[in-house]
1. Which of the residue pairs A:K92/B:K37; A:K37/B:K92; A:K37/B:K37; A:K92/B:K21; A:K5/B:K21 have a Cα-Cα distance greater than 28 Å in the structure shown?
2. Might you report the magnitude of the Cβ-based charge dipole of the protein assembly as shown about its Cα centre, with Lys and Arg at +1 and Asp and Glu at -1, to the nearest 20 debye?
3. What value in Å³ per residue do you get for the convex hull of the alpha-carbon atoms in the protein assembly as shown?
4. Name the residues whose placed amide hydrogens come within less than 5 Å of the amide hydrogen of A:I79, ignoring near sequence neighbours (fewer than 5 apart) on the same chain.
5. Among A:H34, A:H60, B:H25, what is the fewest-to-most ranking by other Cβ atoms within 10 Å?
6. Provide the descending list of Cα extents for the range A:1-110 along its principal axes, expressed in whole angstroms.
7. From Cα pairs below 8 angstrom and at least 6 apart in sequence, can you work out the relative contact order of chain A, rounded to a whole percent?
8. Determine the dipole magnitude for chain B: charges of +1 sit on the beta-carbon of Lys and Arg, -1 on that of Asp and Glu, nothing else is charged, the reference point is the Cα centre, and the result goes in debye to the nearest 20.
Number of protein chains: 2
Amino acid sequence: MGVTKSDLFNEMQNELATVAKVLAHPARVAIIQHLLKSNACINGDLVQELGLAQATISQHLRELKLVGIIQGTIDGSRISYCINPVRWTEIKNQFNELFDQYPTAIPGECC
Amino acid sequence: MGVTKSDLFNEMQNELATVAKVLAHPARVAIIQHLLKSNACINGDLVQELGLAQATISQHLRELKLVGIIQGTIDGSRISYCINPVRWTEIKNQFNELFDQYPTAIPGECC
DNA sequence: AATATCTATCGTAATATTGCAATATACTTA
DNA sequence: TAAGTATATTGCAATATTACGATAGATATT
């Protein structure tokens, strides 16, 4: 159906999946990395940086904003986007909570 | 178009996005967590555990297998699935490489 | 061998995502 | 205020994902 039965899963599972979905596009990863490097940038820059249309980038920015990874403040006629540090740490911890449920690899240990 | 222009992005960005896409469904997160807990399980168990049809779960397992997060070995008429520990660590490091490009949150520091 | 069990695959319907041109909105500057 | 610049939104086409019934293949049990 293309529709996820999210009522079957717990909150942690749904939340992690939601955040993962936002990271599940290379353009959004690229946007994040660009913001990490420049610690503030704008839509216009990104259109040059990545090779996507302005409308497409604006759409990706909206999704990143929706899960709170980035935040934007109006700066004259432009908008300064940057990583939301609190949310960033939150997400990092969310992922590591999952990753740390398994000890570091011991090759050949598994089935 | 629904088609990702992956040639615009670098390998790290494409790979991270690919792995994130696999984690971007709560059923797959749930499957992973179940495997983490039981350290080996099978398709049949999961049909009981989650409320999804057998065909659907098989499909999710295939995607997890495709990116190497899990591996399955034939065990009579059943299949034992488990986390691939080496790949697991690889993925964990891949995410943390991104996460660690930003220092831990200092609230109110951003724009 | 016949039957039951377990898992994978196929086919299909419903929905979601990606990308962009066109357009709207909002601020700036002349 | 008019023109220019920056960003968001809308509408649409192409493709991808999710889910499941039906079915196939493979092993186990009787």
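All of the numbers you see were taken from the coordinates with simple rules; none came from a lab. What you see is a predicted model; the values in this text were computed from it and never measured. Backbone-built Cβ (ideal geometry, glycine too); neighbour counts: all protein chains shown.
1. Numbers: A:K92/B:K37 22 Å; A:K37/B:K92 22 Å; A:K37/B:K37 38 Å; A:K92/B:K21 16 Å; A:K5/B:K21 17 Å.
Listed pairs above 28 Å: A:K37/B:K37.
2. Values: 18 positive and 22 negative charges, 84 e Å.
The calculation lands at about 400 debye.
3. Values: hull volume 30.2 nm³, N = 222.
For the protein assembly as shown, the hull spanned by Cα atoms encloses 136 Å³ per residue.
4. The answer is A:N43.
5. Values: A:H34 15, A:H60 20, B:H25 23.
With the fewest neighbours first, A:H34, A:H60, B:H25 line up as A:H34, A:H60, B:H25.
6. In descending order, the Cα extents are 54, 36, 26 Å.
7. Values: 75 pairs, mean separation 26.2, N = 111.
So the answer I get is 24 percent.
8. Numbers: 9 positive and 11 negative charges, 77 e Å.
Charge dipole, chain B, about its Cα centre: 360 debye, nearest 20.
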